[in-house]
Amino acid sequence: MKRWFLFAAFAAAATASAHHGWSEYNADKPLQLSGTIQEAGYVQPHGWVRLKSGGKTWTVVLAPPGRMESRGLSKEMLAVGGTANVYGYPHRTKPDEMRAERITIANKTTELR
């Protein structure tokens, strides 16, 4: 029993340390980007896309895959070459990263938070 508790505590600590806080993003400066998906990941803890918009490539942090799937944003919708519109917040220290609140692909808007 003690070993199980130690394992569970270690696993929880490892997961918490791998997850970043949303305070790293500036909610006072919302962004609306439109562009072409260059690359995508439908992975834990958060999906992501690299979105080329206005001559710059952004890393857009999305929701966890389970949430995206349950809200209708499938892995296939994040296809390279597709167009996406994203609303979200810029990272405070990484000038090419943002956290998405919502994403629109093929006239379908998905709320991510």
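Read-outs: derived from the displayed coordinates by stated rules, not from any lab. Quick caveat, the model's predicted, so the values are computed rather than measured. Ideal geometry is used to build each Cβ from the backbone, glycine not excepted, and the neighbour counts take in all protein chains shown.
Some notes on this structure:
- 18 Å Cα-Cα threshold exceeded, pairs from Lys75/Lys108; Lys56/Lys94; Lys29/Lys108: Lys29/Lys108
- Among Val49, Val43, sorting on how many other beta-carbon atoms sit within 10 Å of each Cβ, with the fewest leading, yields Val43, Val49.
- Full extension of the segment from Arg92 to Val43, taken as 0.36 nm per residue of separation minus the current Cα-Cα distance, would add 15.3 nm.
- Two-site label geometry, Arg71 and Lys108: point separation in nm, points 7 Å out along Cα→Cβ: 1.4 nm
- From phi via Karplus (6.51, -1.76, 1.60), per-residue ³J(HN,Hα) for region 92-107 in Hz, x at Gly/Pro: 5, 10, 9, x, 10, 10, 9, 9, 8, 8, 8, 9, 10, 9, 6, 6
- Computed 3J(HN,Hα) for region 67-80, one whole-Hz value per residue from the Karplus formula 6.51 cos²θ - 1.76 cosθ + 1.60 where θ = phi - 60°, is 5, 4, 4, 5, 9, x, 9, 7, 4, 5, 5, 8, 5, 4, glycine and proline marked x.
- Projected-area mean, region 48-113, by convex hull of Cα positions, square nanometres: 4.3 nm²
- Amide H contacts under 5 Å for Leu112: Arg102, Ile103, restricted to partners 5 or more places along the chain or on a different chain, H placed in the peptide plane at 1.01 Å from N.
- For Pro65, net neighbour charge (Lys/Arg +1, Asp/Glu -1) across residues whose Cβ lies under 12 Å away: +2
- Residues Asp28, Asp96 in ascending order of nearby Cβ atoms (within 10 Å, fewest first): Asp28, Asp96.
- Under 5 Å, built H, 5+ apart or other chain: amide partners of Gly82: Ile37
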